[in-house]
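Heads up, the thing below is written out as structure tokens.
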Amino acid sequence: MSVFVSEILNLHRGQGQDIYWRDHIKCPSEDEYCKMVIDKTGGLFRLAVGLMQAFATTNKKTDFIPLVNSLAMYFQIRDDLINLADEEYMKSKSFCEDLTEGKFSFPIIHCVQKDTSDTKLISILKQRTEDVDIKRYAQGLLRDAGSLRYTREKCKSLKKEIIGHVASLGGNEPLLKLVEILDIQVEGIDKSVLPSTPVNQQISQLGKASAGHGQIDST
């Protein structure tokens, strides 16, 4: 019961922080975001493992927390990257859905924090826009700031952490295969995270589409 109550509290605490940042247009630091993910996504993972250990006959005292937390971080940050960079994902969901939700995901946080005087991306998040042209412009901001590339490198780092944790626990081939399958999908979008058209050129490409909204702050 203690595992259930503790992790449900963590989960709701993390979810509450995520909603607070979104609704108050408050960009967290990368460390704050990672702590939130450990609470929200990690809470579900730790709850599942904790309940299994409570009824287990072996490995009841084995510490799976470092592995579980790394898995939670990998799953969430990978999802953040796919949401903003994977064209295949966008065919089944709306284009750059996190922008429409006004969500401060990992790459968005990196882009905003890289230059806090530049408010263009914050302005777009405030709009909760569904305009594809504006969202492509925002995607260009993320790409040219190196935020998508940075997020991809973070995924690679977390994958190495997971492999190390699994090895220290005696190995688990099915889990490693699952992580490899998930990473292959991310590898497929590597080219899309590289800087392409300079952002100042993208501004002119928006033309009347963005001008009609009149809400993109060019600061």
**Study point:** Exclusive hit being at pLDDT below 95, part of a loop (DSSP other than H, G, I, E, B) and farther than 20 Å from Glu30 by Cα, set Ser117, Ser94
**Key:** Ser94
Practice item. Among residues belonging to the range 149-178 that are farther than 28 Å from Ile108 by Cβ and open to solvent by 80 Å² or more (accessible area, probe 1.4 Å), point out the one that is nearest to the chain's Cα centre (by Cα). Key: Lys177
Point to revise | Filter result (among the aliphatic types (A, V, I, L, M), within 30 Å of Phe106 (Cβ to Cβ) and out of contact with any helix residue (DSSP H, G or I) (no Cβ under 9 Å at 6 or more places or on another chain)) within the range 45-72 | key: Met52
Exercise for review: Would you point out the residue of the range 1-36, among those that are small (Gly, Ala, Ser) and either touching a Gly at 6+ places or on another chain (Cβ under 8 Å) or within 21 Å of Ser70 (Cβ to Cβ) (or both), that is least open to solvent (accessible area, probe 1.4 Å)?
Suggested key: Gly14
Study note, to complete from the structure: With criteria (1) open to solvent by 60 Å² or more (accessible area, probe 1.4 Å); (2) within 23 Å of Leu99 (Cα to Cα), Ile77 comes up short on (1)
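The values are calculated or read from the model by the stated rules, or taken from the named source; none is laboratory data. It should be emphasised that the depicted structure is a prediction, and the values quoted were computed from it without experimental measurement. Don't worry about glycine lacking a Cβ; one is built from the backbone with ideal geometry, like all the others, and counts go over all protein chains shown. The accessibility values were calculated without ligands, DNA or RNA, using every heavy atom of the protein model including side chains. Shrake-Rupley method; radii C 1.70, N 1.55, O 1.52, S 1.80 Å.
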